[in-house]
Amino acid sequence: MNTDQPLRETREGIQIFGPQHFAGMTAAGQVTAQILDELGPMIKPGVTTGEIDAYIERRVEELGVVSATIGYKGYKHASCISLNHVVCHGIPGAKVPKGKNEKAGRKHDELIEGDILNIDVTVIKDGWFGDSSRMYTVGPIKPFAQRLIQVTHDALMFGIEAVKPGNTFGDIGFAIQTYVEAQRMSVVRDFCGHGLGRVFHSPPNVLHYGRAGSKAVLEEGMFFTIEPMVNLGRPESKVLGDGWTAITRDKSLSAQFEHSVGVTATGAEIFTTSPAGLFQKQAA
């Protein structure tokens with residue numbers, strides 16, 4: 001018997017892992033978190049998203065792991081880097097699409113003061129996937145941008161607080177949606193979290209909105225991501241012609257935080273905690 005395989009699947013196709021599998025997920029998640037920790041000093045005006053991605057690709061190799069995104073459905077980069085009104089899946093090195101308050105004079109993918117950006121990294125270590133993203137800021141940013149980042153971070157943590165056996169995936173979405181909308185912001189509907197473990201994406205789809213008590217019941221041993229995307233404006237998004245980059249339809253700012261978690265007997269274990277305690281502080 002291969003002890004790395006899940007113990008079983010639920011009727012919804014969600015894999016259930018055993019206690020022995022948590023260590024593999026933690027090891028993978030900690031490599032991802034370490035790389036994200038290291039990026040803080042790089043995030044400054046004049047640096048390009050291509051340079052950031054090149055650093056990530058080099059560190060992936062140096063740390064003896066594999067990038068989960070290079071080659072995934074034809075994608076060529078070790079990260080997704082999403083600036084300002086890019087909701088998710090921003091392509092490093094690509095020209096940044098202009099947003100509602102975009103400053104003039106941006107050179108290609110060069111960061112400028114006032115930018116906010118999400119960097120999303122996934123690595124494979126010993127067959128286990130570690131997936132996380134967090135927000136960074138370029139110099140001083142506007143108070144409304146800082147508030148968006150804080151609300152998005154807190155929304156993720158409220159979602160994680162809803163993770164425990166007997167609750168449902170609808171409870172996670174409900175916790176996130178009700179908090180975000182109380183702050184007069186909106187939750188993106190077009191993208192969601194996902195199951196993971198020894199594959200990149202698997203059931204369930206983890207929605208960041210919904211009705212309490214709905215969807216599948218959480219069980220100990222489920223592994224998945226929670227990764228709310230929150231907009232200052234309306235929730236609608238659209239994917240650009242490159243097939244990857246998703247932006248807010250109204251060009252309002254968007255933010256995202258992501259953790260990979262496992263359901264324990266009493267709650268949630270976060271696999272992608274920052275070794276240096278920087279998960280949210282790098283956005284301060």
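Values computed for the structure shown
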quantity: GLU181-GLU110 FRET efficiency (beta carbon distance; Förster radius 41 Å; 0.05 resolution); calculated: 0.75
quantity: Relative contact order, percent, the chain [alpha-carbon distance under 8 Å, six or more residues apart]; calculated: 23
quantity: Cα pair distances of region 1-134 binned at 5 Å [whole percent]; calculated: 2, 10, 18, 19, 16, 13, 9, 6, 4, 3, 1, 0, 0
quantity: Accessible area in the full protein assembly, largest first, 1.4 Å probe, for HIS77, HIS85, HIS108; calculated: HIS108, HIS77, HIS85
quantity: Solvent-accessible surface ranking, highest first, for LYS251, LYS73 at 1.4 angstrom; calculated: LYS73, LYS251
quantity: Orientation-averaged projected area, Cα convex hull of region 124-225 (nm²); calculated: 7.6
quantity: Neighbourhood net charge (9 Å Cβ-Cβ; Lys/Arg +1, Asp/Glu -1) for ARG234; calculated: -1
quantity: Compactness relative to 2.2 N^0.38 Å, alpha carbon Rg of region 60-163; calculated: 1.21
quantity: Candidate lysines for bridging to LYS238, where Cα separation is under 27 Å - those fewer than 8 sequence places away on the same chain excluded; calculated: LYS73, LYS76, LYS95, LYS98, LYS100, LYS103, LYS107, LYS142, LYS215, LYS251
quantity: Cα-projected label distance for SER214 with GLU51, points at 7 Å along beta-carbon direction, nm; calculated: 4.6
quantity: Label point distance in nm, ARG58-PHE22, each placed 7 Å from Cα along Cα→Cβ; calculated: 3.7
quantity: Highest average packing first - 19-27, 254-262, Cβ atoms within 10 Å; calculated: 254-262, 19-27
quantity: 5 Å binning of all Cα-Cα separations within the chain, expressed as whole percents from 0 upward; calculated: 1, 6, 13, 18, 19, 18, 13, 7, 3, 1, 0, 0, 0
quantity: Within region 221-263: backbone nitrogen closer than 14 Å to the ARG189 label point (7 Å, Cα to C-beta); calculated: 234-238, 249
quantity: Helix 169-182 axis, angle to the chain major axis (alpha carbon atoms, nearest 10°); calculated: 30
quantity: Sum of -39500 (n - 2.57) over DSSP H runs of 4+, divided by residues of the chain (222 nm, nearest 500); calculated: -7500 deg cm²/dmol
quantity: Cβ-based net charge around VAL60, under 13 Å, with every Lys or Arg adding one and every Asp or Glu removing one; calculated: -2
quantity: Sparse-neighbourhood loop sites, GluC sites (Glu not before Pro) in region 36-81 - DSSP loop, at most 11 other Cβ within 10 angstrom; calculated: none
quantity: For a label point 7 Å along the Cα-to-beta-carbon line of LYS142, residues of region 252-284 with backbone N under 15 Å; calculated: 252-255
quantity: Residue (of GLY93, GLY71, THR26) at the positive-pole extreme of the chain, dipole from beta-carbon charges; calculated: GLY93
quantity: FRET efficiency estimate (nearest 0.05) - Cβ-Cβ, LEU7 to ASP242, R0 51 angstrom; calculated: 0.80
quantity: Residue order for TRP128, TRP244 - accessible surface, 1.4 angstrom probe, largest first; calculated: TRP244, TRP128
quantity: Vicinal HN-Hα couplings computed from phi for region 149-161 (Karplus, 6.51 cos²θ - 1.76 cosθ + 1.60; Hz; Gly/Pro x); calculated: 4, 5, 4, 5, 4, 5, 4, 4, 5, 5, x, 5, 4
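The values are calculated or read from the model by the stated rules, or taken from the named source; none is laboratory data. Everything numeric here is computed off the predicted structure, so don't read it as measured data. All Cβ positions, even for glycine, are placed from backbone atoms using ideal geometry, and neighbour counts span all protein chains on display. The protein model used for the area step is the full one, side chains on, heavy atoms only, and it has no ligands, DNA or RNA in it. Shrake-Rupley method; radii C 1.70, N 1.55, O 1.52, S 1.80 Å.
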